[in-house]
Amino acid sequence: AGSTSALEELDFGYTFDIAKDVDDFAFGLHLLLSAATNLKHLDLEGCSIARKAGIAVGDIVSVNGVVLETLNLRNNALEDDSTIRLASKLEGYKSLKRIDLGFNFVGLRGAIALAEFVATNPPLLHLILIGNSIGDSGAMQFAKALKSNTTMVELNLGYNHISSVGLETLFYAIFDTSSLNALADSNHTLCYLFQQQCVEELLRRGCDVHTLFDIGNILQLNEMNSLLKTSSHHLPDWTRELPLSSLSIEHLKIVIYLSKCFDMKHFISMDRTMIPQVLEFIASNMGHEKVFQLVGRWNMPQLFTQTLQAC
């Protein structure tokens, strides 16, 4: 018992087939985890866990005292029912940083359960869902969840039957240009959505290459924001070309958007305390002519009417 309590990593990945003995496996693992109170990394990849075992695993990972940081259940045919049960057991975890549920036949119902968990803003940093079937509807659920999540840095949704419809919703989750306030309220922590090899599949499903490029750029901005918070001495080379200042990442995204559209009407829904900083940033980094271009396109009668309507 003493040696078991000191165990920090347990790797069963592809070591045996438990499909015929799921009850014995679940019971044995439950006892092991109950004793391994310092277990941080649990790998059950490719153990042929069927739906019944998947439900058991949902109970197993909620054993009191277990301080898991990473949980790998990739390639276990969990499907929706097991995923839903698992998601319900993840609430309240304070140590879990990474969950891999890749290649598990997860569909929309499982995606909804996981998205609801993500929306609670848990300390989870990485959620891997590559190779499932959440589709555009599942992507929309995660896009909604990302709006209230300020911790996650990776949501891997590659090879999930996502088309341009789902891709657009994910894009607006990190770069919502419906208003400047919405832009400021976009997700500013997510850094990874798709692996490079997934791009070809997204293009086959009708996703726009320019949208993919824009998503990549915004995710890089989020990554830069994360790096700036941790250490300014280890920034990637590409950040040297960006107009860095004391402005937050929210302001930087706003500036990028304004520099493309040159439309001052978007200031109507903007927090007025942000306007001087944004204009100063544009003037100092893009030239005063940009400010004049913006102001020149400001339709004062329309702005006055919209202001009255807003009041």
Check: At a probe radius of 1.4 Å, what is the per-residue accessible area of residue 127, in Å² to the nearest 10?
Finding: 0
Next item on the list: Calculate, for residue 150 and residue 211, the FRET efficiency according to 1/(1 + (r/R0)^6) with r their C-beta to C-beta distance and R0 22 Å; round to the nearest 0.05.
Entry: 0.35
Notebook entry, point to check: How much length is gained on full extension from residue 179 to residue 137, taking 0.36 nm per residue of separation minus their Cα-Cα distance?
Noted result: 12.7 nm
Check: Counting only protein chains, not ligands or nucleic acids, how are 12, 213, 142 ordered by accessible area (probe 1.4 Å), most first?
Finding: 213, 12, 142
Margin query: At 1.4 Å probe size, put 109, 85 in order of accessible surface, largest to smallest.
Written below: 109, 85
Check: Could you work out Rg/(2.2 N^0.38 Å) for the stretch 180-227, with Rg from alpha carbons only?
Finding: 1.27
Checklist line | Solvent accessible area, Å² - residue 178, 1.4 Å probe, full protein context | finding: 90
Check: Probe 1.4 Å, all protein chains in place: accessible area of residue 32 in Å², nearest 10?
Finding: 50
Item checked: Ranking by accessible area, most exposed first, for 126, 188 with a 1.4 Å probe -> 126, 188
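The values are calculated or read from the model by the stated rules, or taken from the named source; none is laboratory data. Just so it is clear, the structure is predicted and the values come from calculations on it, not from any experiment. Positions of Cβ are backbone-derived with ideal geometry, glycine not excepted, and every protein chain shown enters the neighbour counts. Surface accessibility is based on the protein's heavy atoms, side chains included, excluding ligands, DNA and RNA. Shrake-Rupley method; radii C 1.70, N 1.55, O 1.52, S 1.80 Å.
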